[in-house]
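A short worksheet on the structure shown next.
The values are calculated or read from the model by the stated rules, or taken from the named source; none is laboratory data. All values reported here derive from a predicted model rather than from experimental measurement. In this analysis, Cβ positions are derived from the backbone assuming ideal geometry, glycine residues included, and neighbour counts consider all displayed protein chains. Calculation scope for accessible area: heavy atoms of the full protein, side chains included, ligands and nucleic acids excluded. Shrake-Rupley method; radii C 1.70, N 1.55, O 1.52, S 1.80 Å.
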Amino acid sequence: MNLISKQPNTGTTIFTVMSKLASEHEALNLSQGFPNFDCSPKLTELVNHYLKKGMNQYAPMAGIQSLREIIAQKVSDLYQVNYHPDSEVTVVSGATEALYAAITAIVHQGDEVILLEPCYDSYTPAITLNGGIPVYVTLTPENEYKIDWSIVKSKITEKTKLIILNTPHNPTGTVLSEEDLNRLSDILKDTNIFLISDEVYEHIIFDGLSHWSLLRNPVLKERSFICGSFGKTFHVTGWKVGYCLAPKQLSEEFRKVHQWLTFSTVTPIQYALADFLQEPENYLSIPQFYQEKRDKFLTCIQDSRFTFTPAKGSFFQCVNYEKITQENDYDLAIRLTKEIGVASIPVSVFYHQKNDFKILRFCFAKDDETLERAGEKLSKL
Ligand code: PMP
Ligand code: GLN
């Protein structure tokens, strides 16, 4: 067969590559971002309950009513903003679907989409598969990945349709501030440019910092698709349940894509999440829980030769290794997995030109023993 690939440059994702390598070499897997501990037993009990109760057929296309209602209630309580559960909240099969559906709903052939790199690996392919053109703003560790909004502004042309942001940020662990939102809204207020805000680490934020969701700024809210994921918040990345918040007109277009992509999302888990979200402590306890993980990991590597700025959010810590070696980050990540038994992610993979700033990303969503053992190995380098 003569198959012309639509993604000739796509290989296997780095997360799959590193997790496979970690398993082959029995390495501690601090690469792919997932917890190695289980979720609350209450949550699995709820899923069991709804499975046994026979909630096993298609959910409504937009998600079950009670889950959409409690999501709307939660954002109203946390940020004092309104999203109508019937027309502005959609439950989807993971944030990956939310991102893909939002990009597909918005991007026409030849539209430009501004991305701030390093960025999550699904953004660029979703844009190009839809005929869009990614336009990159490169953030660097020298500058602590701070966004220079004048550079973002300079990339805007009459073809710019969309900007994609991510806070708290994977892989860098940085977060947007209120000032960032103000600068962005000044730039966008008289434009027809849309926004996708990837906020899957909403509750994984440290040091008393506040999560500056784009929905907190009215100019940004009216043009934003806010993408969330329960996988991160409740330690259930394998469940792939997320949601998208967007004003009515945007949600209508979003749902048209969701309808053809997956149609609806796993039913018993939606019922379980709707119940679990009734208790705010289940998500309000998460920042403290993960701050302890971050601090544990940093204590474990404090005597190593890695240098770092503590992550402000997400479950990733980036470290610079130039005091140890000048190897490129990809080779080093592979070597450390094979030779010392600790797997990480080379941050160059999150740049479209694979810029190598000598940074590795470690996931600290691991039990204390794993973090201690990894710390011991890394401190010997
Ligand atoms: N965005 C970012 C920044 C992520 O780190 C992830 C992690 N997998 C996703 C989106 C995808 O989330 P989900 O697993 O809910 O599809
Ligand atoms: N978000 C996870 C990470 O950044 C990986 C998700 C995936 O494997 N697709 O590590």
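Could you look through the range 123-134, keep only residues that are in contact with a strand residue (DSSP E or B) (Cβ under 6 Å, 6 or more places away or on another chain) and either more than 19 Å from Tyr100 (Cβ to Cβ) or in contact (Cβ under 8 Å) with a residue 40 or more places away in the chain (or both), and pick out the one that is surrounded by the most Cβ atoms within 10 Å (Cβ to Cβ)?
Among those residues, the one meeting the criterion is Tyr123.
Output the number of residues of the range 166-194 satisfying the condition of being closer than 26 Å to Ser31 by Cα and either in contact with a helix residue (DSSP H, G or I) (Cβ under 7 Å, 6 or more places away or on another chain) or part of a loop (DSSP other than H, G, I, E, B) (or both).
Of the residues in the range 166-194, 10 are closer than 26 Å to Ser31 by Cα and either in contact with a helix residue (DSSP H, G or I) (Cβ under 7 Å, 6 or more places away or on another chain) or part of a loop (DSSP other than H, G, I, E, B) (or both).
Just need a number here: residues in the range 1-24 that are under 24 Å from Val319 (Cα atoms), open to solvent by 80 Å² or more (accessible area, probe 1.4 Å) and of a type outside the set (Ser, Thr, Tyr).
Total meeting the criteria: 1.
One residue is enough: does the range 215-234 have a residue meeting the conditions within 16 Å of ligand 2 (Cβ to nearest atom), over 20 Å from Val113 (Cβ atoms), hydroxyl-bearing (Ser, Thr, Tyr) and part of a loop (DSSP other than H, G, I, E, B)?
The answer is no, given that none of the residues of the range 215-234 is within 16 Å of ligand 2 (Cβ to nearest atom), over 20 Å from Val113 (Cβ atoms), hydroxyl-bearing (Ser, Thr, Tyr) and part of a loop (DSSP other than H, G, I, E, B).
Test of understanding: among Arg223, Arg216, Arg183, which residue is open to solvent by 10 Å² or more (accessible area, probe 1.4 Å), among the basic types (Lys, Arg), away from ligand 1 (no atom under 13 Å from the Cβ) and touching a strand residue (DSSP E or B) at 6+ places or on another chain (Cβ under 8 Å)?
The unique qualifying residue is Arg223.
Out of the residues in the range 25-80 meeting the condition of being polar (S, T, N, Q) and in a helix (DSSP H, G or I), tell me which one is most open to solvent (accessible area, probe 1.4 Å).
So the residue we want is Gln73.
Which residues, counting only those in the range 198-211, are crowded, with 22+ Cβ neighbours inside 10 Å and away from ligand 2 (no atom under 16 Å from the Cβ)?
If the condition is that a residue be crowded, with 22+ Cβ neighbours inside 10 Å and away from ligand 2 (no atom under 16 Å from the Cβ), then Ile205 is the only one that fits.
Given the residues Tyr83, Tyr120, Tyr136, which is the only one that is more than 14 Å from ligand 1 (Cβ to nearest atom), among the aromatic types (Phe, Trp, Tyr), assigned to a loop (DSSP other than H, G, I, E, B) and modelled with pLDDT of 95 or more?
Tyr83
Answer with yes or no whether Glu253 is acidic (Asp, Glu), closer than 22 Å to Pro85 by Cβ, open to solvent by 50 Å² or more (accessible area, probe 1.4 Å) and part of a helix (DSSP H, G or I).
Considered against the rule, which asks whether it is acidic (Asp, Glu), closer than 22 Å to Pro85 by Cβ, open to solvent by 50 Å² or more (accessible area, probe 1.4 Å) and part of a helix (DSSP H, G or I), Glu253 comes out as yes.
Evaluate the following for Glu88: is it more than 13 Å from ligand 1 (Cβ to nearest atom), crowded, with 18+ Cβ neighbours inside 10 Å, more than 18 Å from Glu199 (Cβ to Cβ) and of a type outside the set (Phe, Trp, Tyr)?
No; evaluated as a whole, the condition is false for this residue.
So that you can scan it fast, the table gives a plain yes or no per residue for (1) of a type in the set (S, T, N, Q); (2) touching a helix residue (DSSP H, G or I) at 6+ places or on another chain (Cβ under 7 Å); (3) open to solvent by 10 Å² or more (accessible area, probe 1.4 Å):
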{"site": "Asn282", "(1), (2), (3)": "yes, yes, yes"}
{"site": "Phe297", "(1), (2), (3)": "no, yes, no"}
{"site": "Pro310", "(1), (2), (3)": "no, yes, yes"}
{"site": "Gly313", "(1), (2), (3)": "no, no, no"}
{"site": "Glu322", "(1), (2), (3)": "no, no, yes"}
{"site": "Asp331", "(1), (2), (3)": "no, no, yes"}
{"site": "Cys363", "(1), (2), (3)": "no, no, no"}
{"site": "Lys366", "(1), (2), (3)": "no, no, no"}
{"site": "Thr370", "(1), (2), (3)": "yes, no, yes"}
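Which pairs have Cβ atoms under 6 Å, sit 6 or more apart or on different chains, and link a residue in the range 174-189 that is more than 27 Å from Arg361 (Cα to Cα) to one that is open to solvent by less than 50 Å² (accessible area, probe 1.4 Å)?
Cβ pairs passing all conditions: Arg183/Trp149; Ser185/Asn217; Ser185/Val219; Ser185/Leu220; Lys189/Val219.
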